[in-house]
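Some notes on the structure that comes next.
The values are calculated or read from the model by the stated rules, or taken from the named source; none is laboratory data. Note that the structure is a prediction, hence the values are computed from the model and not measured. Neighbour counts run over all protein chains shown; Cβ positions are idealised from the backbone, glycine included.
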């Protein structure tokens, strides 16, 4: 399948309509738009849900997305359009956080005064050798009432050190590492710590040690990465750190695409995109983020865990086993096993995201698994196209590629589709002027219906197929 055309029809309705609308608005490559939309859906939903694969514990739904595209491919325009509702949500939450911090600082200042008063009373009783049992109980009660600093929501990091990223996740356990010019990210410290990014994709509990503050535990953080980088800069990264990125499994966790450019075809039309094409998507993003923010204010926040309906579970298992078989020697995925090992998990994650974002109730349906499988398998083909070994072209195919243009030119000059084989042997490209080699390539072309090998009288001719050598050439 052409890299420019992922299976958009397989997407659920809200997401599909958004991809089509954004592509029509920006004229950016469809694969680029799809990747950005998937990244935003992941960022929106990842803190609300987990997914439980068959016979496995609940796990994260976060996606990692990597887009390789030329400069001027409108990466920023697409990202800004799709992220609009997320950024508006962050602005509203920033205003709320400012008020919450003012309230916290006032309460904490009063609490510190009370703390100092109790300590002074205890010190006074100690100096007089008097019992301070009641004061100790009072101090214990006071410590239990220390005001808690409000959660500070930060959803998007354009670049960050590992320490800054973990610090942010300790305050709000869900974020996105998002950049439409990601060379700085890929060459920065956070990607240098590939093990950390892998653990954050896995969603495992992390801990950080702060000077003077002890160890802070970050329970099951969630991180979406959505990085776009120019082709030449990605090649530089692969040259310098590609083996490490593949060997560590960092690239294998990503949905990667290098779409064909649309530059030169982005003509302006007269039909603006109906605003409702974006409204439903942005409204759903806002609804999910608002609900999650309210849920996080409670003391016992727990993400919803989505399982599979029986037919969906069967379909996922079938996909898993098909992928596993393709990793065997000689199989389709045998040369990209590191990526193939993550496909089934990405299918489960994506199916859960589709189900939740589209407003599904209960367990994940067959349709959502089927949709996710189509998209993830397309990304797997992209990965194989980009990182799999290039198959060697058979010599007879190379010879055919050399002979076909010559045959076409010969037909034009002589105004006939019938060319004597003896003339071909005498005048064709020098490298093919050996009987056995020319016969091999002519038989190859005949098997592929480019030509017919015929006799006219006692002479051998090659008759060209007008389908491949059209009349307009004559």
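The table below gives the values:
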read-out	value
Test: residue in region 219-235 that is farther than 18 Å from residue 66 by Cα and part of a strand (DSSP E or B)	no
Subset tally (residues that are in contact with a helix residue (DSSP H, G or I) (Cβ under 9 Å, 6 or more places away or on another chain) and either without any contact (Cβ under 8 Å) to a residue 24 or more places away in the chain or buried (at least 17 other Cβ atoms within 10 Å of the Cβ) (or both)) for region 323-336	9
Yes/no for residue 388 being surrounded by fewer than 23 Cβ atoms within 10 Å (Cβ to Cβ) and closer than 15 Å to residue 49 by Cβ	no
Boolean, residue 66 is closer than 30 Å to residue 379 by Cβ, under 27 Å from the mean Cα position of the chain (by Cα) and not in a loop (DSSP other than H, G, I, E, B)	yes
Condition broken by residue 80, with the remaining ones in (1) within 20 Å of residue 377 (Cα to Cα); (2) without any contact (Cβ under 8 Å) to a residue 40 or more places away in the chain satisfied	(1)
Qualifying positions in region 424-444 - out of contact with any helix residue (DSSP H, G or I) (no Cβ under 6 Å at 6 or more places or on another chain) and touching a residue at least 12 places away in the same chain (Cβ under 8 Å)	424, 427, 431, 437, 442
Sole residue being crowded, with 18+ Cβ neighbours inside 10 Å and free of Cβ contacts under 8 Å to residues at least 60 places away in the same chain, chosen from 348, 372	372
Selection status of residue 98, in a helix (DSSP H, G or I), within 30 Å of residue 279 (Cα to Cα) and either more than 40 Å from the chain's Cα centre (by Cα) or not assigned by TED's automatic domain parsing to the domain that holds residue 30 (or both)	yes
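A quick yes/no check of all residues on (1) surrounded by 18 or more Cβ atoms within 10 Å (Cβ to Cβ); (2) at pLDDT 85 or above:
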residue	(1), (2)
146	no, no
163	no, yes
167	no, yes
176	yes, yes
